[in-house]
Every structure is written in C-alpha cells, then in structure tokens.
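Q: Sharing a structure here in structure tokens format.
Rule-based calculations on the coordinates, nothing more; no lab input. This structure is a prediction, so every number in the text was calculated from the model and none was measured. Note: ideal-geometry Cβ built from the backbone for every residue, glycine included; neighbour counts use all protein chains shown.
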Amino acid sequence: MTSFLEFEKPIAELEARIVELRETADSHDGALDIEAEVAKLQSKSDRLLRETYAKLTPWQKTQVARHPERPHLKDYVAGFVDDFMPLAGDRAFADDRAIIGGLGRIAGRRVMVIGHEKGDDTASRIRHNFGMAKPEGYRKGIRLMQLAERFGLPVVTLVDTAGAFPGVQAEERGQAEAIARSTEQCLALTVPIIAAIVGEGGSGGAVALAAANRVLMFEHAIYSVISPEGASSILWRGPEKAADAAEAMKVTAQDLEKLGVIDRIVPEPVGGAQRDRAAAIAALGDAIAEELAALADKEPKALLDQRRKKFLAIG
C-alpha cells in the first residue's frame, strides 16, 4: 500500500520503520542482523491492524470504502469473469464510461456483468467520470439487462459510486427518469440478478443497479441514500458533522444486514480489500458464484415474487 488513511497513521509509522530497517541492512550488504527487530515490529503492526479494523466507526468505514487502492470493476472482471466481451452505448445518445457492461462467464455460467468504474489514476478517473453515471449510462444498463433477459442470462451488477452525476446536462437528458427506469428494469427481470456493493453505494445512482434478488456487500463498503457529507450539510448546514451523519444513517454492511437491506456480507482481508486485492477479488467471485448456483433453478415467477417481497419488506 502507498496510501494510508488518517486513522492508520500508527500502522503507517510501524511499516515505515520496517522499510527503513531493511534499507539500512541492504546498504550494509546484509552485515546487520535486523530480522529479530523486523519480526517484532511486523508482529506489532499486524496486531495493531487487526485491532484497528475490528472496531472501525461508520465514518472510518466510509474512508475505507473510498480508498483509492481498492479494486475497481475492471479488476473484478479480470479476476473472476472469463471471456468478457464489453458492450457499449445506449443506442440513443452516447456511451457512458462510468458504467461498463458486457457478456462473460463466472464459474462457468454465462452472465451479463454491469457495474460502475471509478478509474484508478487521474486520467482514468476523468475518463470514467469518477464512477458517476449520466442518463446514457443507466440506459445502457437497461439495454444490457433486456439483452440478458432475451437470452436467459443472469445479471451480475457491481456497485461503486458516490452517486449519479448531478450536472445540468445530465438533468436535461432525464437523469431521474433514467435512474427510475433502471431500478424498474432490475425489479422486472425474469432472470436472476445479483448485486454487490464493492465500495460506495451512493443514492439512486447505486439503487438503479442494486434492486436485485440477492444484494451482497463487502465488509467495509457503505450503502446509503446520500453521502455522510451531504447529510451533514442538510442537517447541520456544513460537512463538519459527517462522522455523526454516518453513524446515524446506518451506512455499514453490518447495520444494513440487520435492517434487511442487504442479504450477505463478503469478508475482506484484514486491513481492507486494498491491502490484499487478489484475496478480496477471489472472495467476491466465490460469493457471487455461490449465489448464482442457488438461483439457477428458480422459475421466473419465483424470482419476481422473491424480489417484490424482499423490497416491500424493507422498513
């Protein structure tokens, strides 16, 4: 890892000390015996990491969910989607790169994969608009869901967005209508749909791809109707109370599972998905494969009824 969060500073200091010791030993051609000291520091760092991540506050989980080094859609696709064939465009206005979708296989099953892509450096973040989709992105999602239904393919969505793009042009092109129709399409599918909240699940921009038969969520992801900063600005006239807002809104996977908003928590490596991306990707791939197998034999009416009852029961 190259980026540490504010609450990870004590861990960062220990890891920096370990690196410093190793560099000192290398500069002396291995003449210094530092292994005992390194082992001691590493043990202390590992223990502190476990203790810290075992008691994260909702605001700290928000920071983890936004960590720039967490895996993104393209990483998950590369990790557990075989033979991925991207499909672009909404056939009406443009191709929105904030939402990527295409055909592929998960654990040997043919699926349609749709999800938000934030990008992982400045250029790609701008290209993907930081994962904030415009109306054409949701209309692309609708088109791909309809295509999946036509060929009897399950739909898998990966959600990671601060919310739909709030710009004037997006509003002019019908942002609210596109989000509503995407949500409606999810609920109307006669094929299984599985959604996974892998980072931020923000507002209608997330729900538009997450009205699924099974909603999975990473251990340190967040899912809410508005960002903590946005809620703080509305309730307290400023972003300073974001931590209080995060606590009150029950944005964490643990709270949302208790409330029945999500169905399953996918564990992350100690220290978050950003510390062991391969392990996190594998864990999510295995969880999705299990859910696909469980829904494979469900009749269309059973899928529709289950989805309807699930969302009517919330709250």
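Q: Please identify the chymotrypsin sites (Phe, Trp or Tyr not before Pro) of segment 91-152 that satisfy two criteria: DSSP loop assignment and at most 16 other Cβ atoms within 10 Å. Which are they?
A: Passing sites in segment 91-152 are 93, 151.
Q: Strictly greater than 22 Å: what percent of every Cα pair in segment 56-132 meets that?
A: Of all Cα-Cα pairs in segment 56-132, 34 percent lie more than 22 Å apart.
Q: Output wanted: per-residue J couplings in Hz (rounded whole) for segment 172-187, from phi through Karplus 6.51 cos²θ - 1.76 cosθ + 1.60, θ = phi - 60°, x for Gly and Pro.
A: 5, 8, x, 4, 4, 5, 5, 5, 4, 6, 5, 4, 4, 5, 4, 6
Q: With each label point set 7 Å from Cα along the Cα-Cβ vector, what nm distance links residue 151 and residue 171?
A: Going from the residue 151 label point to the residue 171 one covers 3.9 nm.
Q: Go through 182, 206, 14 and say which Cα lies farthest out towards the positive end of the charge dipole of the chain; charges sit on Cβ, +1 for Lys and Arg, -1 for Asp and Glu.
A: Selected residue: 182.
Q: May I ask which residue of 115, 192, 67 lies farthest towards the positive end of the charge dipole of segment 63-313, with charges of +1 (Lys, Arg) and -1 (Asp, Glu) on Cβ and the Cα centre as origin?
A: Of 115, 192, 67, it is 192.
Q: So, by mean Cβ neighbours within 10 angstrom, what's the order for 49-59, 260-270, 305-315 with the highest one leading?
A: 260-270, 49-59, 305-315
Q: Another one. Taking N as the number of residues in segment 1-152, what value does Rg over Cα atoms divided by 2.2 N^0.38 Å take?
A: That works out to 1.48 for segment 1-152.
Q: Give me 72, 67 ranked fewest to most by other Cβ atoms within 10 Å of their Cβ, as a rough exposure proxy.
A: Ranked by crowding around the Cβ, least crowded first: 67, 72.
Q: To continue, here is another question. Output wanted: per-residue J couplings in Hz (rounded whole) for segment 257-265, from phi through Karplus 6.51 cos²θ - 1.76 cosθ + 1.60, θ = phi - 60°, x for Gly and Pro.
A: Karplus values, whole Hz, x for Gly and Pro: 5, 5, 7, x, 6, 10, 10, 7, 9.
Q: Quick one: what are the phi-derived ³J(HN,Hα) couplings along segment 244-254, Karplus 6.51/-1.76/1.60 with θ = phi - 60°, whole Hz, x for glycine and proline?
A: Coupling constants for segment 244-254: 5, 5, 4, 5, 5, 7, 6, 8, 7, 4, 5 Hz.
Q: Return the loop-located trypsin sites (Lys or Arg not before Pro) in segment 75-106 (DSSP other than H, G, I, E, B) with at most 12 other Cβ atoms within 10 Å of their own Cβ; answer none if there are none.
A: In loop regions of segment 75-106 (DSSP not H, G, I, E or B), the sparsely surrounded trypsin sites (Lys or Arg not before Pro) are 91.
Q: Distance between the C-alpha centers of segment 31-65 and segment 71-120? Whole Å please.
A: 34 Å
Q: Scan around residue 226 for amide H atoms under 5 Å from its own, H built in the peptide plane at 1.01 Å from N, and keep only partners 5 or more places away or cross-chain.
A: So residue 226 has HN proximity to 203.
Q: Amide H to amide H under 5 Å from residue 158: which residues, 5+ apart in sequence or cross-chain, H placed 1.01 Å off N in plane?
A: Excluding prolines and chain starts, which carry no amide H, the hits are 114, 115, 116, 196.
Q: Amide H to amide H, which residues 5 or more places from residue 214 or on other chains are under 5 Å from it, using H placed in the peptide plane?
A: For residue 214, whose amide H was placed from the backbone, the distant partners under 5 Å are 193, 195.
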